[in-house]
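The values are calculated or read from the model by the stated rules, or taken from the named source; none is laboratory data. Computed from a predicted model, the values in this text were never measured in an experiment. For neighbour counting, all protein chains shown are included, and Cβ atoms are generated from backbone atoms with ideal geometry for every residue, glycine included.
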Amino acid sequence: MHKKIASDAAAAALSSTLLDWYDAHARVMPWRVGPAERAAGTRPDPYRVWLSEVMLQQTTVAAVRDYFRAFTDRWPRVTDLAAAADADVMAAWAGLGYYARARNLLKCARVVTQDHGGRFPDTAEGLRALPGIGPYTSAAIAAIAFDRPETVVDGNVERVMARLRGIETPLPPAKPELTEAAAALTPDKRPGDYAQAVMDLGATICTPRNPACGICPWRDPCVARATGIAAELPRKLPKKPKPTRFGLVYVARHPDGAWLLETRPDRGLLGGMLAYPSTDWTEEAPADAPPVAADWHDPALEVRHTFTHFHLRLALRTAITDAPPARGRFVPRAAFRPADLPTVFRKAHDLAAAHLDTGFPSPL
DNA sequence: CACCCGTGGGT
DNA sequence: TACCCAAGGGT
C-alpha cells in the first residue's frame, strides 16, 4: 500500500535507532522467529504470520497466545485449516471475539488452498484481496513474512507517530496524516522487524496512559515528550454512548441430559456461533418466545454482558423437556463443551447450570 | 463513510 | 463502577 520509504538521513537514523532497541528488547512470541533461527536463515512461516495477525486484530497478545498454539497444534498448515469443519473452527475461536474473523479465516484458508496452491501471495496487493485481510494485515504479512518494505499502521503506530511528531489532529480524521508520518520512516531493510519494533514500542513503552518516556529509544526526537503532552496524544473525537438492550435466553435440557442449542446465522452479531436460543435483543423488553414447549421456570437470574456498541441484560429461563424443539436441536451432553460458546452464552450456561444443580427440581 | 462487530485487563 | 483500550475488516 504505502511504498514510500525512508528517504533522508534523519528518518534513517530514527528507524535504525528503533531496530537497535528491538534487537535488544524484542518480546518472545510463539509466532516469531528468534534471532538465532533468523541468523540461520529461517524465514517466518506466512501461515503462522497470517494466523497471528488475524488473531491480534483488536486483541491483546495475552489473549491470543493460547488460541494461536491451539490452532497451530491442530491445524499445522493452511491446507489443514482449509479442510477443517466450519463448526470446529468456530468452536476453537469461541471466546476470542469478533467472530467474523473466524469465518473469514476459514474462507481465506480455502481460497489460498484452492486458488493459490496452498501458498500465500507474497505481495501486499495480493494479500489484500483475500477475505479478512485489510490494509493493516496485508502490509504486516508482506513485511514480516516476505520482507517487503510496506508501512504497517495499527493503533500502536498511530499513537507513536502522533507523539513523535506532535500531531494533535484527533482520530479518526488524523489517520491519513499519521499514515504519512509512518510511511516516511519505513526502512527498506528489515521492514518486518521495524514494523514489529514500532508495535512493541507502543505496547510496552509508548503506552496509552502512562508512557515510559524516560526509557524510550525515541525520547530525544519526540515532540510530544518535549512539550509535555505525550500522554494526551493521540487526541480522539468523543464516542457515542452505549444503549442497553434486553432479551430472554432459554436454557432447556432433555431428560437424557442433552442441551437445547442452535447455530446462529452466519451474518451479524455472534454469526456462525453455537448459542442458546434467545429472543431478539431490543431496547424494549421483548415478548416471551420459548423455542420448545415446556414448563418454563423463571429463576429471576440475569446475564449482563457488554458488546462493542451496547449493553445487554438477558433474563434467564430454564426448563427440562423431551418435547420436539421448534427451534434449535438437543446436543448430547458428551458432544457439548460450554467453552465452545461465545462469552455471553457461556455466562448464561454457567448461571443455568448452577440453578439446575441446586434450586431447580431436576431429575438429572 | 459511519456503523457494525467481542472480549478481558487496566485504571 | 465505568470507562478505556488492543497487532482492524466488512459493508
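Here is a check on your reading of the model: is A:Gly202 within 15 Å of DNA strand B (Cβ to nearest atom), more than 23 Å from A:Pro46 (Cβ to Cβ) and assigned to a helix (DSSP H, G or I)? So A:Gly202 fits the description; yes. Would you check if there is a residue in the range A:166-182 being assigned to a loop (DSSP other than H, G, I, E, B) and under 17 Å from A:Ala13 (Cα atoms)? No, the range A:166-182 has no match at all. Filtered by the rule that a residue be assigned to a loop (DSSP other than H, G, I, E, B) and in contact with a strand residue (DSSP E or B) (Cβ under 7 Å, 6 or more places away or on another chain), the range A:254-271 gives A:His254, A:Pro255, A:Ala258, A:Arg264. Within the set A:Glu150, A:Glu125, the sole residue that is closer than 30 Å to A:Pro221 by Cα and of a type outside the set (Lys, Arg) turns out to be A:Glu150. Here A:Leu14 passes the criteria (1) assigned to a helix (DSSP H, G or I); (2) closer than 30 Å to A:Asp220 by Cα; (3) within 16 Å of DNA strand C (Cβ to nearest atom) except the one numbered (3).
Tell me the residue from A:Lys242, A:Lys175, A:Lys189 that is in contact with a strand residue (DSSP E or B) (Cβ under 8 Å, 6 or more places away or on another chain), surrounded by fewer than 19 Cβ atoms within 10 Å (Cβ to Cβ) and not aliphatic (A, V, I, L, M), please.
Only one candidate qualifies: A:Lys242.
This table checks each residue for (1) modelled with pLDDT of 95 or more; (2) under 22 Å from A:Asp266 (Cα atoms); (3) crowded, with 18+ Cβ neighbours inside 10 Å; (4) touching a Phe, Trp or Tyr at 6+ places or on another chain (Cβ under 7 Å).
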position: A:Lys4; (1), (2), (3), (4): no, no, no, no
position: A:Leu18; (1), (2), (3), (4): yes, no, yes, yes
position: A:Gly34; (1), (2), (3), (4): no, no, no, no
position: A:Val49; (1), (2), (3), (4): yes, no, yes, yes
position: A:Gln58; (1), (2), (3), (4): yes, yes, no, yes
position: A:Asp66; (1), (2), (3), (4): yes, no, no, no
position: A:Ala94; (1), (2), (3), (4): yes, yes, yes, no
position: A:Ala102; (1), (2), (3), (4): yes, yes, yes, yes
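Going by the conditions given, is A:Ile144 under 23 Å from A:Arg43 (Cβ atoms), assigned to a helix (DSSP H, G or I) and at pLDDT 95 or above? Here the answer is yes, as A:Ile144 does meet what is asked. In the set (1) surrounded by fewer than 22 Cβ atoms within 10 Å (Cβ to Cβ); (2) under 21 Å from A:Arg27 (Cβ atoms); (3) in contact with a Leu (Cβ under 7 Å, 6 or more places away or on another chain), A:Val160 fails one condition alone, (1). Restricting attention to the range A:303-322, the residues that are within 16 Å of DNA strand B (Cβ to nearest atom) and not β-branched (Val, Ile, Thr) total 9. Inspect all residues belonging to the range A:293-302 and state whether any of them is outside any loop (DSSP other than H, G, I, E, B), within 34 Å of the chain's Cα centre (by Cα), over 18 Å from A:Trp259 (Cα atoms) and at pLDDT 95 or above. Yes, because at least one residue in the range A:293-302 is outside any loop (DSSP other than H, G, I, E, B), within 34 Å of the chain's Cα centre (by Cα), over 18 Å from A:Trp259 (Cα atoms) and at pLDDT 95 or above.
Residues in the range A:112-141 that are part of a loop (DSSP other than H, G, I, E, B), surrounded by fewer than 21 Cβ atoms within 10 Å (Cβ to Cβ) and near DNA strand C (Cβ under 8 Å from one of its atoms): A:Pro131, A:Gly132, A:Gly134. When A:Glu168, A:Glu180, A:Glu125 are checked against the criterion of being in the same structural domain as A:Asn104 (by TED's automatic domain parsing), closer than 24 Å to A:Met55 by Cβ and acidic (Asp, Glu), A:Glu125 stands alone in meeting it.
Residues to consider are A:Gly155, A:Gly118, A:Gly126, A:Gly134; find the one that is at positive phi and of a type outside the set (D, E, K, R). After applying the criteria, what remains is A:Gly118. Taking the range A:67-106 as the range and being free of Cβ contacts under 8 Å to residues at least 40 places away in the same chain and basic (Lys, Arg) as the test, the residues that pass are A:Arg69, A:Arg74.
Search the range A:140-164 for residues that are in the same structural domain as A:Ala184 (by TED's automatic domain parsing) and pair each with any residue that is charged (D, E, K, R) and within 9 Å of DNA strand C (Cβ to nearest atom) when their beta-carbon atoms are under 7 Å apart and the residues are at least 6 apart or on different chains. Filtered contacts from the range A:140-164: A:Ala140/A:Glu53; A:Ile141/A:Glu53.
When the range A:302-324 is filtered for residues that are of a type in the set (A, V, I, L, M) and within 16 Å of DNA strand C (Cβ to nearest atom), the ones remaining, listed by number, are A:Val303, A:Leu312.
Residue pairs whose Cβ atoms lie under 8 Å apart, separated by 6 or more positions or on different chains, with the first residue in the range A:209-222 and not assigned by TED's automatic domain parsing to the domain that holds A:Ala181 and the second in a helix (DSSP H, G or I) and modelled with pLDDT under 95, do not occur.
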